Ligand SMILES: C[S@@+](CC[C@H](N)C(=O)[O-])C[C@H]1O[C@@H](n2cnc3c(N)ncnc32)[C@H](O)[C@@H]1O
C-alpha cells in the first residue's frame, strides 16, 4: 500500500464508523482513572494555557478533556465525519482536517504539546520516523509529546465494525521500540507506563503511554 492509499483507507474506515465509534467511546476516557491520571500529569507538564494539538483527535473526547485541564488545544483528523462530531460536541475548540504526517498549519516550534492518543496505530512502521520527526519539528524546545497505543507484536484486523462494510489493521507496538524511535527523532523519553487490559472495556492487549520531551 502506498502512503496515499493508507491515508485514504484510514479515512474511509473512520468516516464509515464515526457515529458508532463516538457513541461507544463517549466519556470512556474521562471515566477511566488511569487515562485521566496520564492526561492530568501530561497537562501539568505542559502547563496551564499551553498550546497543544490533539492529532488524530477522532470525535474529540480527549480534546475536550485536555481543554478542561487548562490547555489551549486544537484537534486535527483525517476523517471529516469524526471532525463533524468533534465540532458539534466541543463548541469553542478549533478542529481541522489534515494528516499528522504533514502538519502544514503548524510552524516549526509553535506548540507546547502534541498528543497522539491511539492515532499512530494506523501509521505503517516505516513511516514512524517521519511522523516523530514531524512531531519534533512543531514542538517548541521543552515541549511535550504524549503517545498512547496498544502493546504487542501482531496487528489486530478489524473487519465490519458495527456492521459497516470496512476493514482496517490496528498496529500494536512495543514501548521499548517506540522509545528508541522517539530517541532517534531527538526526543528525551520521560515516562513509559503500561497497564493491563481492562475486560470491562473490551480490551485484548496492554495499553502503553509514553511522554517524551523535545530537549530545551
Ligand atoms: C482509534 S481513533 C482515536 C481517536 C481519538 N484520539 C480517541 O482516542 O478517541 C484513530 C483516529 O486517528 C485518525 N488518524 C489516523 N491516522 C491519521 C493521520 N495520519 N492524520 C490524522 N489523523 C489520523 C483517524 O482518522 C481516527 O480518527
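The values are calculated or read from the model by the stated rules, or taken from the named source; none is laboratory data. Everything quoted here is computed from the prediction, not taken from an experiment. Neighbour counts run over all protein chains shown; Cβ positions are idealised from the backbone, glycine included.
Against the criterion of being within 26 Å of residue 34 (Cβ to Cβ) and outside any helix (DSSP H, G or I), residue 193 qualifies.
Scan the range 202-213 and give yes if some residue there is at pLDDT 95 or above, within 25 Å of residue 36 (Cβ to Cβ), part of a strand (DSSP E or B) and over 15 Å from the mean Cα position of the chain (by Cα), otherwise no. Yes, the range 202-213 has at least one match.
Can you find even one residue in the range 19-42 that is touching a strand residue (DSSP E or B) at 6+ places or on another chain (Cβ under 7 Å), within 11 Å of the ligand (Cβ to nearest atom), more than 20 Å from residue 144 (Cβ to Cβ) and in contact (Cβ under 8 Å) with a residue 24 or more places away in the chain? Among the residues of the range 19-42, not one is touching a strand residue (DSSP E or B) at 6+ places or on another chain (Cβ under 7 Å), within 11 Å of the ligand (Cβ to nearest atom), more than 20 Å from residue 144 (Cβ to Cβ) and in contact (Cβ under 8 Å) with a residue 24 or more places away in the chain, which makes the answer no.
Residue 95 meets the conditions (1) more than 10 Å from the ligand (Cβ to nearest atom); (2) touching a helix residue (DSSP H, G or I) at 6+ places or on another chain (Cβ under 9 Å); (3) more than 16 Å from residue 116 (Cβ to Cβ) in every case but one. The failed one is (3). Quick one: would you say residue 100 is within 8 Å of the ligand (Cβ to nearest atom), at negative phi, in a helix (DSSP H, G or I) and crowded, with 21+ Cβ neighbours inside 10 Å? Answer is no for this residue. Considering only residues that are within 18 Å of the chain's Cα centre (by Cα) and surrounded by fewer than 17 Cβ atoms within 10 Å (Cβ to Cβ), which ones fall in the range 16-30? Answer for the range 16-30, where residues must be within 18 Å of the chain's Cα centre (by Cα) and surrounded by fewer than 17 Cβ atoms within 10 Å (Cβ to Cβ): 24, 25, 26, 27, 28, 30.
Could we say that residue 92 is over 16 Å from the mean Cα position of the chain (by Cα) and on the phi > 0 side of the Ramachandran plot here? For residue 92, the condition - over 16 Å from the mean Cα position of the chain (by Cα) and on the phi > 0 side of the Ramachandran plot - is met.
Hey, any hits in the range 121-139 for a residue that's closer than 20 Å to residue 29 by Cα and buried (at least 23 other Cβ atoms within 10 Å of the Cβ)? Within the range 121-139, none of the residues are closer than 20 Å to residue 29 by Cα and buried (at least 23 other Cβ atoms within 10 Å of the Cβ). Looking at the range 110-124, which of its residues are on the phi < 0 side of the Ramachandran plot and within 10 Å of the ligand (Cβ to nearest atom)? Matches in the range 110-124: 115, 116, 117, 119, 120, 121, 122, 123.
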